[in-house]
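The values are calculated or read from the model by the stated rules, or taken from the named source; none is laboratory data. Computed from a prediction, not measured in an experiment: that's the story for all the values here. Note: ideal-geometry Cβ built from the backbone for every residue, glycine included; neighbour counts use all protein chains shown. Remember, those area values only see protein heavy atoms, side chains included, never the ligands or the DNA or RNA. Shrake-Rupley method; radii C 1.70, N 1.55, O 1.52, S 1.80 Å.
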Amino acid sequence: MLRYSSDLADAGPNDMQMIWFSAIGPTDDALVGGRLFGAVMRVFSHGAVQLRSDDPMIDPIVDFNLLADDRDRVRLHDCTRRILDILRQPEIESISDGVVALTTPLDELDSDDAIDAWLTAGVNDYVHAVGTCRMGAAGDPAAVVDTECRVFGYERLRVCDASVMPDLPKANTHLTTVAIAERVSEMMRAPAST
C-alpha cells in the first residue's frame, strides 16, 4: 500500500492511498490477475443511513453519496491519473496479458471527461465507513455519543465501533476501532467514581 499526500483540496497530509492486490477471488480465474486501486482517506462527502423498517433484522438503507463533494472527486481523479501512469509502464505491460480499469480498456480513459464518467459509474466504498454515531461534546448537534461512547439521551447504552469516529483516521479503521474498544472496555470495568 502507498499512502501519500495529494496536496489538493486542502485535504492535509496522507489523504490518499493506492493499494495493490496480487490476487482476489474464490476461483482460479480470479486468482490469476491483480488490482491496483485508489482510495480517498480524507473524505469530504457525506452520506446517510436510514431505517428501512422498525424490524432490527432488516438492513438499513445506506447511501454513501460518494464523490458528492468535488474535493473528493478532484483527488480521486488525480489518483486515477497516477494509477493509469503506473499501469502504462513497460514493466507492467511486460508481465500482463492486458490491463483494464474494471472492464474499461485503459485507452478509453484518455481525457478528463472520460475519467470523470468512469469514476461516476464505478466508484465504490472501501469498507471503512465511519461517523454514523459520531463522538463529540454534549452540545454538538452532529454528535451521537460522548467521549466515553455513551449514547446521548439514554442510560447504559454505548456504541463502540468505527461509527463513533468523527472522520477517517487516514488509514484503515481496524486498529483504531480496536483501540477505541479497548479503551471503552477499560472505562466500563473501572469502578464508578463518587
inquiry  = Which pairs turn up if I take residues in region 98-121 that are on the phi < 0 side of the Ramachandran plot and look for partners that are hydroxyl-bearing (Ser, Thr, Tyr) and not in a helix (DSSP H, G or I) with beta carbon separation below 9 Å, at least 6 apart in sequence or on another chain?
reply    = 114/104; 118/104; 121/104
task = Would you check which residues across region 31-70 are over 16 Å from residue 121 (Cα atoms) and surrounded by 19 or more Cβ atoms within 10 Å (Cβ to Cβ) and list them?
result = 40, 41, 42, 43
remark   = The lone condition residue 23 fails out of (1) open to solvent by less than 60 Å² (accessible area, probe 1.4 Å); (2) closer than 25 Å to residue 132 by Cβ; (3) free of Cβ contacts under 8 Å to residues at least 40 places away in the same chain is (2)
Qualifying residue in region 72-89 (condition: over 22 Å from the mean Cα position of the chain (by Cα), under 19 Å from residue 19 (Cβ atoms) and of a type in the set (D, E, K, R)) = yes
key: Scope region 30-77; condition in a strand (DSSP E or B) and either touching a Pro at 6+ places or on another chain (Cβ under 8 Å) or closer than 15 Å to residue 112 by Cα (or both); matching residues   = 49, 50
ask   = If you check 7, 15, which single one turns out to be farther than 15 Å from residue 171 by Cα and either open to solvent by less than 80 Å² (accessible area, probe 1.4 Å) or more than 12 Å from the chain's Cα centre (by Cα) (or both)?
value = 7
inquiry  = Quick test of your reading of the structure: residue 129 fulfils all but one of (1) at pLDDT below 95; (2) over 19 Å from residue 34 (Cα atoms); (3) surrounded by fewer than 17 Cβ atoms within 10 Å (Cβ to Cβ); (4) hydrophobic (A, V, I, L, M, F, W, C). Name the failing condition by number.
reply    = (3)
ask   = Does any residue of region 78-88 turn out to be part of a loop (DSSP other than H, G, I, E, B), farther than 26 Å from residue 45 by Cα and open to solvent by 80 Å² or more (accessible area, probe 1.4 Å)?
value = yes
key: Tally of residues being within 21 Å of residue 70 (Cβ to Cβ) and either out of contact with any helix residue (DSSP H, G or I) (no Cβ under 8 Å at 6 or more places or on another chain) or not in a loop (DSSP other than H, G, I, E, B) (or both) across region 113-144   = 13
ask   = So which residues in region 177-194 are within 23 Å of the chain's Cα centre (by Cα) and either farther than 17 Å from residue 146 by Cα or buried (at least 17 other Cβ atoms within 10 Å of the Cβ) (or both)?
value = 177, 178, 180
Residue count for region 155-194, restricted to those that are more than 21 Å from residue 47 (Cα to Cα), assigned to a loop (DSSP other than H, G, I, E, B) and not charged (D, E, K, R) = 6
